[in-house]
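**Student:** Got a structure for you, questions after.
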Amino acid sequence: MAANRDPLAGKRLDSWKEIASFFGRAERTVKRWETERGLPVHRVPGSGRGSVFAYSDELAEWLKGRSEELDSDDSTSGEAVASQSPAVSAANGEAPRPLPIVPPRPDLTRARIAAWLLPLLLVVAVVIAFSVGHRGSRFKALASRHAPNQEAQELYLKGRYYWDRRTPDDLNKAIDDFTQAIVKDPSDAEAYVGLADCYNLLREFGTMPPTEAYPRALAAAQRAVELDDTSAEAHNSLAFVTFWWSWQGVTAEREFKRALELNPDLVRAHHWYATYLLALHRHPEALDQIEQAQRLEPSSNAILADKGFLLWQAGQQSAGLALLKQLETTEPSLSSTHNYLGRIYWERQDYPNALREWRHLAELRHDEAGVELADAREKGFAANGLKGLWEADLPIRKAQFDRGIGSAYDLAQTCAALGKEQEALAYLQMAFDRREASMITGDPVVPSLRNEPLYQQLTAQVRESLAK
C-alpha cells in the first residue's frame, strides 16, 4: 500500500506510466532505459515483472550527468525532452514539478529552444520560490533527513508489502524484514516505524498479547521519532500506541495531528485517526477521516472494513452492514471483517451467525484458543441456548486466562451474564490494570454492572487518563 504520497523528494512512483510521466517520456522509452541503462526500477515481491515502482530521488540521482546522452538518444525517437527533471528540482530544494515538454522542430536549434523556454522557466521559478517561502521549514527538514542505504530500503519495502497483507504469518515476515533493515542501517527511522506498526497490529491480527506487543511498539515508535522528528509516519505510529496502550488521549491526538501536518496525504494517519475518533464516539469526525483515507487509498480492504463498522456505529447501519457483507464475499481472508460482522450479529441477537463469524476469525488468525472457545460456545448454544453458551464459555475462558491468554474484560462479561457480579468486578479491575482496549471503547457490558461503584470508579479513571 502506498501509504505515503509525499510530493517531495523520495516520492514513490507506482507504475510505468508514473515513471514515464516523471521524465516526460513514453513508457517504452523508460522500459528501454531500465534494460539498457540501468534505470533504478523496483518490483513488488511476488507480482511478476508488470508491477513496478521507483523513487524520484533515485531517478534524479541516476539522471545526473546523463542529460546530453539521453537527449541524443531521443533525437532519433522523435520524443520530447524536458529542460529539467522534476527530481533535479527536488534535489535543489524545490517542489518537484515537471516542466512543459517542448516538441522537437527541425527549424529550431538548441539555443533557440532554450531562448523560447526562458520566460516560462522564470515564471515557474517564481511559483516555486513562493511555495518554498510558505513551506520552507518543511523543505529544510526533509533535506536533512537520513537517507537509508540501498539494502535497508529494499528490506523496508519488502516488509511493507507483507505488513499490508495483515495475516499473522505476513506480519511476522514483515518484522524479520524491518529488523534486518535496522541491522543494515541502525539510523533508519523508517524501519523502526515499520517495526512499531507490526507490533501495533499483531495483538489484533495475530495472537501476541497486548502486554507484549504494545511495549515493543512504543519503544520502536519512540526511537523512530528520536531519529527523525520530521517523519509523519513516526508520529502516527507513536499516536496509535500512545492511545491504545498508554491511554493518553490528548497526547495521542496531538501526535495524529502532527503527522497530518507533516504529510496531509499519509493514509495510515487518516485511517488510524479515524479509529481513535470512533473509540471516543466522535462519529462525524471519524467518518470524515476514514473517507479521506479511502480517497487516498481506495483499494485498501482494511480501510473499507473499518469504514463499514464505523458506519454501523454511527447509525448508518444498513450501509455499514452492506459494505462488510460485500467485503466478506470479495476478500474472505480479511479477518477484521469477520470480527465486525460477529459483533453486529451479536448486537442484533443473531447468535448463530455471530458464532460462525467468530469461528472464521479464530481460524484466519491461527488462534487455537479462539477455536477452542468457538467449539465450546457452539455446543453450549445448541444444548441450552444463550444460557448454555455462557455456561460453556466460562470454564474455557478461565482456563485460558490462567494460562496467560485471553481477555479479563471478556471474562468479566461472561461472569456478569451468569449473575456472578463480584467475580465480574474483580476481572474488570484486572482489565483496567492490564490496560485492555475494551476499557476505552466501552464494549457492551451486562447492564447490572453499570450501577456498581467499582465499575463507575474504573470508567471515571479511564476518562481521566484519556484527558492527558
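**Student:** So is Ala234 under 22 Å from Ser465 (Cβ atoms), part of a helix (DSSP H, G or I) and either of a type in the set (A, V, I, L, M, F, W, C) or within 16 Å of the chain's Cα centre (by Cα) (or both) or not?
**Tutor:** No.
**Student:** I'm trying to understand the selection: among the residues of the stretch 189-207, which are charged (D, E, K, R) and either more than 14 Å from Gly159 (Cα to Cα) or in contact (Cβ under 8 Å) with a residue 60 or more places away in the chain (or both)?
**Tutor:** Asp197, Arg203, Glu204
**Student:** Being farther than 15 Å from Tyr273 by Cα and open to solvent by 30 Å² or more (accessible area, probe 1.4 Å) is the filter here, so list the residues in the stretch 298-316 that pass it.
**Tutor:** Pro298, Ser299, Asn301, Gln313, Ala314, Gly315, Gln316
**Student:** Filter the stretch 186-229 down to the residues that are among the hydroxyl-bearing types (Ser, Thr, Tyr), within 27 Å of Met439 (Cβ to Cβ), open to solvent by 10 Å² or more (accessible area, probe 1.4 Å) and in a helix (DSSP H, G or I) and list them by number.
**Tutor:** If the condition is that a residue be among the hydroxyl-bearing types (Ser, Thr, Tyr), within 27 Å of Met439 (Cβ to Cβ), open to solvent by 10 Å² or more (accessible area, probe 1.4 Å) and in a helix (DSSP H, G or I), then Tyr199, Thr211 are the ones that fit.
**Student:** Output the residue which, of all residues in the stretch 354-368 that are charged (D, E, K, R), assigned to a helix (DSSP H, G or I) and open to solvent by less than 50 Å² (accessible area, probe 1.4 Å), is farthest from Gly380 (Cα to Cα).
**Tutor:** Glu357
**Student:** Given the options Arg435, Arg403, name the one that is open to solvent by 60 Å² or more (accessible area, probe 1.4 Å), under 23 Å from Pro215 (Cα atoms) and either among the aromatic types (Phe, Trp, Tyr) or touching a residue at least 24 places away in the same chain (Cβ under 8 Å) (or both).
**Tutor:** Arg435
**Student:** Identify, from the list Leu418, Leu386, Leu373, the residue that is closer than 19 Å to Asp350 by Cβ, surrounded by fewer than 19 Cβ atoms within 10 Å (Cβ to Cβ) and of a type in the set (A, V, I, L, M).
**Tutor:** Exactly one residue qualifies, and that residue is Leu386.
**Student:** Still on this model: Looking at the stretch 334-353, I want the residues that are over 20 Å from Asp170 (Cβ atoms) and in a helix (DSSP H, G or I) and have a partner that is open to solvent by less than 50 Å² (accessible area, probe 1.4 Å) and of a type in the set (A, V, I, L, M) with Cβ atoms under 6 Å, at least 6 apart or on another chain. Which pairs are those?
**Tutor:** These pairs meet every condition: Tyr340/Leu324; Leu341/Leu324; Gly342/Ala354; Tyr345/Ala354; Trp346/Ala354.
**Student:** Determine whether the stretch 260-275 contains at least one residue that is under 16 Å from His235 (Cβ atoms) and touching a Lys or Arg at 6+ places or on another chain (Cβ under 7 Å).
**Tutor:** Yes, the stretch 260-275 has at least one match.
**Student:** Something else about it: If Arg165 meets every condition in (1) touching an Asp or Glu at 6+ places or on another chain (Cβ under 7 Å); (2) open to solvent by 70 Å² or more (accessible area, probe 1.4 Å); (3) closer than 23 Å to Pro298 by Cβ apart from one, which number is that one?
**Tutor:** If we test Arg165 against (1) touching an Asp or Glu at 6+ places or on another chain (Cβ under 7 Å); (2) open to solvent by 70 Å² or more (accessible area, probe 1.4 Å); (3) closer than 23 Å to Pro298 by Cβ, just (1) comes out false.
**Student:** Would you check which residues across the stretch 356-392 are acidic (Asp, Glu) and within 34 Å of the chain's Cα centre (by Cα) and list them?
**Tutor:** Glu357, Glu363, Asp367, Glu368, Glu372, Asp375
The values are calculated or read from the model by the stated rules, or taken from the named source; none is laboratory data. It should be emphasised that the depicted structure is a prediction, and the values quoted were computed from it without experimental measurement. Because the Cβ atoms are built from the backbone with ideal geometry, glycine has one as well, and the counts that use them run over all protein chains shown. For accessibility, only protein heavy atoms count, side chains too; no ligands or nucleic acids. Shrake-Rupley method; radii C 1.70, N 1.55, O 1.52, S 1.80 Å.
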